[in-house]
Amino acid sequence: MTIPGGPHLGAAGELARGVADRFKLRQEVFLAELALDPFFSAYHFARDGRKYQPISRFPAVERDFSLTLSDGTGFAAVREAITALGIAEIVSIEAVDLFRGKHIPQGKFSLLVRVTFQSSEATLTEAQLSDFSSRIISALEEKLGATLRTA
């Protein structure tokens, strides 16, 4: 067994009927030999990739952005536009709700995006949160043509 472009993982197959007869085996017998090095390498890679991060003593703050976007705009593009700002206090970016229909123009949809902010050094101030929010809105308007949904 080999994964295309990857390491040899082993071999598997049915025991030859002649060998099975010699051992007086009446049922089909299948054998496998696995190369464990690739499995252990992947395990160690995943384990070593984990990083410990202490839980912040300071509260997290969520801000919701109700956006109107053009059809075909994916959440990945929204996440990428926000992440590109390099705001270190962003802990998570989630798509919470998607809406199409009444009060949404044809060829558009509404997406509710929740951004969670948290600092490990201090409680975030309203001024900081306002600055982060305005930077996010500007970036989404500029890069994706998004608008804040008002109704």
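Tell me the angle of helix 126-144 to the major Cα principal axis of the chain, expressed in degrees between 0 and 90 and rounded to the nearest ten.
Taking the Cα atoms of the chain, the angle to 126-144 is about 70 degrees.
The list (i) 1.31; (ii) 1.06; (iii) 0.95 gives values of Rg/Rh (Cα atoms, Kirkwood Rh), and only one came from this structure; which label was calculated from it?
Answer by label: (i).
Just grab the label-to-label distance for His44 and Phe75, each label 7 Å out from Cα along the Cβ direction, in nm (one decimal).
The modelled label-to-label distance comes out at 3.6 nm.
Would you mind getting me the FRET efficiency between His103 and Ala127? Use the beta-carbon distance for r and R0 = 35 Å, nearest 0.05. Please report the intermediate quantities before stating the final value.
Values: r = 32 Å, r/R0 = 0.93.
Taking R0 as 35 Å, the efficiency between His103 and Ala127 is 0.60.
In degrees from 0 to 90, rounded to the nearest 10, what is the angle of the helix 36-49 Cα long axis to the longest principal axis of the chain?
Compared with the principal axis, the helix lies near 20 degrees.
With the full set of protein chains in place, find how many percent of the accessible area of the chain is carbon and sulfur; take the probe as 1.4 Å. Each step should come with its number before you reach the end.
Working: 6020 of 10870 Å².
Ligands and nucleic acids excluded, carbon and sulfur give 55 percent.
Short version: ³J(HN,Hα) in whole Hz for each residue of the stretch 87-102, in order, from phi by Karplus 6.51 cos²θ - 1.76 cosθ + 1.60 (θ = phi - 60°), x for Gly and Pro, what are they?
The phi angles translate into 7, 5, 7, 6, 9, 8, 9, 10, 8, 9, 8, 10, 9, 10, x, 3 Hz.
Name the residues whose placed amide hydrogens come within less than 5 Å of the amide hydrogen of Thr147, ignoring near sequence neighbours (fewer than 5 apart) on the same chain.
It is Thr68, by chain and number.
Let me check I've understood the local charge: for Ala122, count other residues with C-beta under 15 angstrom from its C-beta, Lys and Arg +1, Asp and Glu -1. What total comes out?
Net charge around Ala122: -3.
Please give the contour-minus-distance gain from Glu28 to Lys143: 0.36 nm per residue of separation, less the Cα-Cα distance, rounded to one decimal in nm.
On the way: separation 115, 0.36 × 115 = 41.40 nm, distance 6.16 nm.
Fully extending the segment from Glu28 to Lys143 adds 35.2 nm.
Normalising by the residue count of the stretch 77-122, find the relative contact order in percent from Cα pairs under 8 Å and 6+ residues apart. Display every interim value, and only then the final one.
Numbers: 45 pairs, mean separation 18.5, N = 46.
It rounds to 40 percent for the stretch 77-122.
Heavy-atom accessible area per residue, the chain, 1.4 Å probe: how many Å²? Walk me through the numbers on the way to the answer.
On the way: 10870 Å² over 151 residues.
Computed with neighbouring chains in place, this is 72 Å² per residue.
The values are calculated or read from the model by the stated rules, or taken from the named source; none is laboratory data. Quick caveat: nothing in here was measured; it's all calculated off a predicted structure. Using ideal geometry, Cβ is built from the backbone for each residue, glycine included, and neighbour counts are taken over all protein chains shown. Remember, those area values only see protein heavy atoms, side chains included, never the ligands or the DNA or RNA. Shrake-Rupley method; radii C 1.70, N 1.55, O 1.52, S 1.80 Å.
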